[in-house]
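S.K.: My questions will all concern the structure given below.
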Amino acid sequence: MERFRVVGGARLSGVVKVAGAKNSALKLMAATLLAPGKSTITNLPNIADVEYMAELLTRLGCTVKIDMAQSQVSIDVPEQITYRADYDLVRKLRASINVLGPLLTRVKKAEVALPGGDAIGSRGLDFHIDGLTQMGAQVHSEHGYVIAEAPNGLTGAAITLDFPSVGATENIMTAATLAKGVTVIDNAAREPDVVDLGEFLIAMGAKISGLGSHTIEITGVANLKPATHATLPDRIVAGTWAFAAAMTRGDITIENGRADHLELPLDKLVAAGAVVTTTKGGFRVKMDRRPSSVDVATLPYPGFPTDLQPMVITLNAIADGTSLVTENVFEGRFMFVNELLRLGAKISVDGHHAAITGIEQLSAAPVAATDIRAGAGLVLAALVSDGETIIEDGFHIDRGYPDFAKQLTQLGADVTRI
């Protein structure tokens with residue numbers, strides 16, 4: 001078992017570089033299934049989930065070559081691919097559900113195990129299935145698999161999502177690229193990751209308009225071609241470093257960070273007392289005092305990201321004042337609070353609200369990561385605790401944060417892997 005050993009008390013200072021976005025790279029890899037031939041994804045993050053997606057694509061018949069020295073992966077997709085995504089891989093990687101749309105539209109059949117991933121609450125596939133059904137797919141669940149068929153191909157449809165689900169938007173968009181006619185997705189997700197995927201599909205020859213808005217329109221084409229695409233920078237990793245600077249009263253320059261993708265989180269840090277400035281290749285966060293508490297409600301983009309909720313709760317746990325954090329996206333995110341309480345935090349959870357009374361310093365104790373972002377949040381909490389904290393189940397952190405311990409050490413923290 002991987003563990004992180006963190007000694008609290010360090011002030012983080014220096015420069016970090018943000019790699020490509022996990023939430024984008026995995027979806028880009030899945031989308032290569034749409035076009036026979038070799039596609040290349042660059043600016044690839046060196047994380048465990050990339051290996052899982054590579055293995056999944058290999059089992060579907062692709063030849064996958066990862067070159068982490070160049071931060072890229074090449075995926076050679078054959079004319080004939082299989083259509084079954086097995087449970088042993090899918091359970092490790094929720095993004096594996098993103099092969100559903102490409103397989104269905106290209107092979108006219110897909111069998112994908114119900115996905116696993118992080119324990120942050122129910123993330124059903126109803127929106128995915130409803131959208132694909134409106135396009136003519138026949139979908140049912142059997143023996144733990146989602147089985148979708150479209151023997152006559154998919155047909156464009158006007159689809160309104162009840163919630164701007166990122167995964168559903170992406171699966172419907174990829175499926176629509178090779179469908180007959182026009183597909184319109186209303187109440188579509190607006191996340192930068194969705195825009196990044198759409199731009200890759202356009203590079204492959206897809207006809208898509210409205211990316212980044214509530215309405216995306218896709219006109220189906222007969223076929224797509226391979227393409228090369230650079231993954232956009234990871235806004236959640238960049239945001240994590242921004243909160244780390246504010247919590248440790250540090251000074252971190254975040255290279256390759258997109259401040260325009262983090263407007264609300266950075267505004268909250270400014271309200272907490274940080275100084276945020278843009279630089280030529282990213283942005284800088286500096287904090288000279290104890291943070292002031294800030295109220296936050298998570299919402300789909302461009303709202304405050306649910307993936308940064310553990311970081312803002314940890315900030316508030318050592319901030320001056322009381323605060324309220326409301327979780328509107330994933331009800332299971334507050335599992336993280338139970339671990340933070342072990343560190344002495346004063347937090348009361350009621351439904352999807354967490355009321356936090358800040359204290360000057362947390363108290364070191366053994367804790368366990370329950371998901372990627374909770375793991376990173378616990379590392380930050382350990383940095384502002386007295387003494388040594390051991391964080392169990394560090395593999396969760398590895399799934400989203402390349403070289404996390406190494407980067408923290410370079411910024412002045414006392415962090416080692418056990």
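The values are calculated or read from the model by the stated rules, or taken from the named source; none is laboratory data. Since we're looking at a predicted model, the values are computed, not measured. Neighbour counts are summed over all protein chains in view; Cβ atoms, including those assigned to glycine, are modelled from backbone coordinates with ideal geometry.
S.K.: Between Ile208, Ile254, Ile216, which is under 26 Å from Thr314 (Cα atoms) and either outside the structural domain of Glu327 (by TED's automatic domain parsing) or in a strand (DSSP E or B) (or both)?
M.R.: Just a single option satisfies the conditions, and that option is Ile254.
S.K.: Of the residues that make up the range 283-299, is at least one of a type in the set (Asp, Glu), at pLDDT 95 or above, more than 18 Å from the chain's Cα centre (by Cα) and farther than 29 Å from Pro164 by Cβ?
M.R.: Yes: the range 283-299 contains one or more residues that are of a type in the set (Asp, Glu), at pLDDT 95 or above, more than 18 Å from the chain's Cα centre (by Cα) and farther than 29 Å from Pro164 by Cβ.
S.K.: Within the range 219-244, count every residue that is polar (S, T, N, Q) and part of a loop (DSSP other than H, G, I, E, B).
M.R.: Residues in the range 219-244 being polar (S, T, N, Q) and part of a loop (DSSP other than H, G, I, E, B): 2 in total.
S.K.: Oh, and also: Residue check: is Thr248 touching a strand residue (DSSP E or B) at 6+ places or on another chain (Cβ under 6 Å), on the phi < 0 side of the Ramachandran plot and not small (Gly, Ala, Ser)?
M.R.: no
S.K.: Can you tell me which residue is surrounded by the fewest Cβ atoms within 10 Å (Cβ to Cβ) among those in the range 125-147 that are at pLDDT below 95 and hydrophobic (A, V, I, L, M, F, W, C)?
M.R.: Ile147
S.K.: Any residue at all in the range 21-34 that's touching a residue at least 60 places away in the same chain (Cβ under 8 Å), crowded, with 24+ Cβ neighbours inside 10 Å and in a loop (DSSP other than H, G, I, E, B)?
M.R.: Checked against the condition, which is being touching a residue at least 60 places away in the same chain (Cβ under 8 Å), crowded, with 24+ Cβ neighbours inside 10 Å and in a loop (DSSP other than H, G, I, E, B), the range 21-34 yields at least one hit.
S.K.: Asp267 versus (1) closer than 26 Å to Val50 by Cβ; (2) surrounded by fewer than 23 Cβ atoms within 10 Å (Cβ to Cβ); (3) modelled with pLDDT of 95 or more: which is the lone unmet condition?
M.R.: Only one criterion is unmet by Asp267, namely (1).
S.K.: Take Leu56 and tell me if it is part of a loop (DSSP other than H, G, I, E, B), aliphatic (A, V, I, L, M) and in contact (Cβ under 8 Å) with a residue 24 or more places away in the chain.
M.R.: no
S.K.: Leu299 - would you say it is free of Cβ contacts under 8 Å to residues at least 60 places away in the same chain, in the same structural domain as Ala368 (by TED's automatic domain parsing) and more than 23 Å from Glu191 (Cβ to Cβ)?
M.R.: no
S.K.: For Gly14, only one of the following conditions fails: (1) on the phi < 0 side of the Ramachandran plot; (2) more than 17 Å from the chain's Cα centre (by Cα); (3) not in a helix (DSSP H, G or I). What is its number?
M.R.: Just one mismatch for Gly14, condition (1).
S.K.: Is it the case that the range 138-155 has a residue that's aromatic (Phe, Trp, Tyr) and touching a Leu at 6+ places or on another chain (Cβ under 6 Å)?
M.R.: No, the conditions are met nowhere in the range 138-155.
S.K.: Give the residues of the range 87-110 that are of a type outside the set (A, V, I, L, M) and touching an Asp or Glu at 6+ places or on another chain (Cβ under 9 Å), sorted by residue number.
M.R.: Correct list: Lys92, Arg94, Asn98, Gly101, Lys108, Lys109.
S.K.: Just the residues that are outside any strand (DSSP E or B), surrounded by fewer than 21 Cβ atoms within 10 Å (Cβ to Cβ) and under 24 Å from the mean Cα position of the chain (by Cα), please, taken from the range 359-397.
M.R.: Asp393, Phe395
S.K.: In addition: Among the aromatic types (Phe, Trp, Tyr), assigned by TED's automatic domain parsing to the domain that holds Leu93 and surrounded by 18 or more Cβ atoms within 10 Å (Cβ to Cβ): which single residue out of Phe200, Phe243 fits that description?
M.R.: Exactly one of Phe200, Phe243 is among the aromatic types (Phe, Trp, Tyr), assigned by TED's automatic domain parsing to the domain that holds Leu93 and surrounded by 18 or more Cβ atoms within 10 Å (Cβ to Cβ), namely Phe200.
S.K.: With (1) closer than 22 Å to Pro233 by Cβ; (2) aliphatic (A, V, I, L, M); (3) crowded, with 23+ Cβ neighbours inside 10 Å as the list, and Ala272 as the residue in question, which single condition is left unmet?
M.R.: (1)
S.K.: Right, here's the next one. Mind listing just one residue for me: the one in the range 153-189 that is over 24 Å from Ala95 (Cβ atoms) and aliphatic (A, V, I, L, M) and, of those, surrounded by the most Cβ atoms within 10 Å (Cβ to Cβ)?
M.R.: Going through the qualifying residues, I end up with Ala157.
S.K.: Of the residues in the range 363-394, how many are touching a residue at least 60 places away in the same chain (Cβ under 8 Å) and over 19 Å from Trp241 (Cα atoms)?
M.R.: Residues flagged as touching a residue at least 60 places away in the same chain (Cβ under 8 Å) and over 19 Å from Trp241 (Cα atoms) within the range 363-394 amount to 9.
One line per residue, one yes/no per condition, for (1) of a type in the set (A, V, I, L, M, F, W, C); (2) under 18 Å from Glu199 (Cβ atoms); (3) at pLDDT below 95:
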| residue | (1), (2), (3) |
| --- | --- |
| Ala21 | yes, yes, no |
| Ile41 | yes, yes, no |
| Thr58 | no, no, no |
| Leu89 | yes, no, yes |
| Leu93 | yes, no, yes |
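S.K.: Filtering the range 300-316 down to residues that are touching a strand residue (DSSP E or B) at 6+ places or on another chain (Cβ under 6 Å) and part of a helix (DSSP H, G or I), which residue is modelled with the lowest pLDDT?
M.R.: Thr306
S.K.: Additional query: Examine the range 63-84 for a residue that is under 24 Å from Ala168 (Cβ atoms) and in a helix (DSSP H, G or I), and state whether such a residue exists.
M.R.: Checked against the condition, which is being under 24 Å from Ala168 (Cβ atoms) and in a helix (DSSP H, G or I), the range 63-84 yields no hits at all.
S.K.: Sort out which residues of the range 398-416 are assigned to a helix (DSSP H, G or I) and either more than 21 Å from Arg284 (Cα to Cα) or among the polar types (S, T, N, Q) (or both), and write them in order of number.
M.R.: Within the range 398-416, Asp398, Gln407, Thr409, Gln410 qualify.
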